[in-house]
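These notes are about the structure you will find just below.
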Amino acid sequence: MGRGKIEIKRIDNSTSRQVTFSKRRSGLFKKARELSILCDAEVGLVVFSSSGRLYNFASTSMKSVIERYNEANEDPHLTMNASSEAKFWQQEASSLRQQLHNLQQYHRQLLGQQLSGLAVEDLQNLDNKLQMSLRNIRLKKDNVMIDQIQELNRKGSLMHQENMGLHHKLSLVHQEQINLQKKVYGTQGVNLSTENGNGPVNLEPSLPHDGEEDGTPVLCEDGKH
């Protein structure tokens, strides 16, 4: 007759509990040893009894197992073996190649190429995207042109202000010249110069004609002066 199923719960009797602990500990350590040998695994096992006594098993050394455990917790990728890691990167590379292929195909479709396999709905979606892109490009172009026009207007305003400043300075210089002429030639000379608009006029006495130097009148052939 087979053994009945044992209910898993705390054993109240201390003697029975100690006997069960000893038997099951030995069986657990035996399984750990078999696992390390059969599967070439590094196994570490630590057990504390209810009284606080330590029992441990390590297929190599407990220090080596604990150090490897700490390193694996710091970097989870260390738990991956070479085969699983290579498979992971192969999948990543395949996914990137597929994304690149999709982007290249989409770019060619935007250029109007390779459209034979597209349905009407796909063509309409592509047309809508092109129209949206065209609107964005035109809007950007208009904004750039507006900025350039505003910059030209700003520079033109600055040049106009500089021109007005130069004109004002020129007026001051002209007024200073007039004042200087008043001091040098007097009011009459200034009036003459300003009427002609050709600058100052030198007012010098006229030289007498021939025969008038000594005050003697010159007679003409008919005897008139």
Is it the case that LYS9 is of a type in the set (Lys, Arg) and farther than 30 Å from TYR69 by Cα?
-> yes
Which of the helices (runs of 4 or more DSSP H) contained wholly in segment 6-117 include at least 3 residues that are in contact with a helix residue (DSSP H, G or I) (Cβ under 8 Å, 6 or more places away or on another chain) and without any contact (Cβ under 8 Å) to a residue 40 or more places away in the chain?
-> 82-110
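Where a number appears in this text, it was derived from the coordinates with a stated rule and is not lab data. These figures come from a predicted structure and were not determined experimentally. Here Cβ is always computed from backbone atoms with ideal geometry, including for glycine, and neighbour counts include all displayed protein chains.
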